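Enquirer: Structure provided below as structure tokens; questions to follow.
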Amino acid sequence: MEKNYPLHLLNTWRIGGPAETVYWPETTKDLAIVWQRALKAEIPVWLIGRGSNLLLPDEGLPGIVLVTSSLRAIQWGDHTVQVEAGYMLARLAQEAGERGWSGLEFARGIPGSVGGAIVMNAGAHGSEVASQIMSVTALWADGTVKKLERAELEFAYRFCSLRGQAWVLEVQFNFSPGDRKQILSQMTENLTKRKANQPLEKPNAGSIFRNPPGDSAGRLIEAVGWKGRSVGGAQVSDKHANFIVNTGNAKSRDVLALMDAIQEAVQLKFGVTLQPEVEYLQK
């Protein structure tokens, strides 16, 4: 546990002020206990994973920030795996591929944790993580822990019914047997495309806005002239317009100002309301 810990060290955007307290639980039981105690003491509590889809506030966060990065227990079964929320999704995809198991080829380049991937139904290359889920064990806002089967969960584009209701502790995935060489080749191809099309050389949080039905957020942003433009240290990537990069000293207020300006411009020109894909945590 650390006091006044810099939030910019806990997210891929490298943005954020000091957190009052940060704690890295070693087990899911430990996480649930701290959560329950904080609730009883009326202490604000926040839960984050790898911070790859988060914007954290310049003023920091009060209370306790729980970071799941140490929750990495994993148990492989017969074309199934039980894995804790802090495990890296890309690593899981690679390890499944090494076994000749198909289903997560699309996820090889996604930088987040398993828990975050479930809550936002992460996807790429036309596939989504929801398609491989068997069950999810989650911590609910009232402190209870429940296991839900896939049929009890609702998923849509960048949506899971757990979002805002519960926090993922553990997930069970299933896979299909496949050709190991072909699976690994597909993952290499996906990674190559990602590196070619996304500004991975600068701190970012992935796609900023969800793609509207039948269209591309990047295309709309470029069409209204915001590609490459900046507010403070935040810049709309000149490589992919649906990415905002930290050029060195970006603040969350810079990112929010850019997002607001982009939404307004796209709304005025196309009548389309862009919905954020990144989550902004604020007190």
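Bear in mind these aren't lab numbers, they're just calculated from the coordinates by the rules spelled out. Source: prediction; values computed, not measured. All Cβ positions, glycine included, derive from the backbone under ideal geometry; neighbour counts span all protein chains shown.
Enquirer: Aspartates and glutamates within cross-link reach of LYS269: Cα-Cα under 19 Å, excluding same-chain residues under 8 positions apart?
Expert: By straight Cα distance, LYS269 reaches ASP215, GLU222, ASP260.
Enquirer: Taking amide H positions as placed in the peptide plane 1.01 Å from N, state which residues far from ILE244 in sequence (5 or more) or on other chains have amide H under 5 Å from it.
Expert: Hits under the 5 Å cutoff: ALA205, ILE208, SER237.
Enquirer: A further question follows. Quick one: net charge around VAL266, please, counting Lys, Arg +1 and Asp, Glu -1 for every other residue with C-beta under 12 Å from its C-beta.
Expert: -2
Enquirer: Full extension from SER70 to LEU200: what is 0.36 nm times the residue separation minus their Cα-Cα distance, to one decimal in nm?
Expert: Working: separation 130, 0.36 × 130 = 46.80 nm, distance 2.44 nm.
So the chain would gain 44.4 nm between SER70 and LEU200.
Enquirer: Which one, ILE33, ILE221, ILE208, has the greatest fluctuation when you compute a Gaussian network model over the chain with C-alpha springs under 10 angstrom?
Expert: Between ILE33, ILE221, ILE208, it is ILE33 that shows the largest mean-square fluctuation.
Enquirer: So which of LYS227/LYS283; LYS202/LYS251; LYS195/LYS239 end up more than 19 Å apart, counting from Cα to Cα?
Expert: On the way: LYS227/LYS283 31 Å; LYS202/LYS251 15 Å; LYS195/LYS239 11 Å.
Over 19 Å apart, Cα to Cα: LYS227/LYS283.
Enquirer: Given LYS3/LYS193; LYS3/LYS147; LYS40/LYS147, which pairs have Cα atoms separated by over 30 Å?
Expert: Working: LYS3/LYS193 40 Å; LYS3/LYS147 33 Å; LYS40/LYS147 23 Å.
From the list (LYS3/LYS193; LYS3/LYS147; LYS40/LYS147), the Cα-Cα distance tops 30 Å for LYS3/LYS193; LYS3/LYS147.
Enquirer: Right, another one. Could you tell me how far the Cα centroid of segment 112-188 sits from the Cα centroid of segment 5-27, in Å?
Expert: Cα centroid to Cα centroid, the span is 24 Å.
Enquirer: Is the shape of the chain rounded, prolate or oblate, going by the alpha carbon gyration tensor and its root eigenvalues a ≥ b ≥ c, with a/c under 1.5 for rounded and a/b larger than b/c for prolate? Present the calculation step by step, with values, prior to reporting the outcome.
Expert: Numbers: a/c = 1.74, a/b = 1.11, b/c = 1.57.
Since a/c reaches 1.5 but b/c is at least a/b, the shape of the chain is classed as oblate.
Enquirer: What residue among VAL67, VAL114, VAL224 has the largest mean-square fluctuation in a Gaussian network model of the chain, using Cα springs under 10 Å?
Expert: Maximum fluctuation in the GNM of the chain, among the listed residues, is at VAL224.
Enquirer: Residue by residue through segment 90-98, what is 3J(HN,Hα) from phi via Karplus (6.51 cos²θ - 1.76 cosθ + 1.60, θ = phi - 60°)? Round to whole Hz and write x for glycine and proline.
Expert: 4, 5, 4, 4, 5, 5, 5, x, 4
Enquirer: With Cβ to Cβ distances under 11 Å as the rule, what net charge do the other residues near ALA130 carry (K, R +1; D, E -1)?
Expert: 0
Enquirer: Taking H as built 1.01 Å from N, whose amide H comes closer than 5 Å to the amide H of GLN275, not counting residues under 5 places away?
Expert: The list, which skips near neighbours in sequence, is ARG210.
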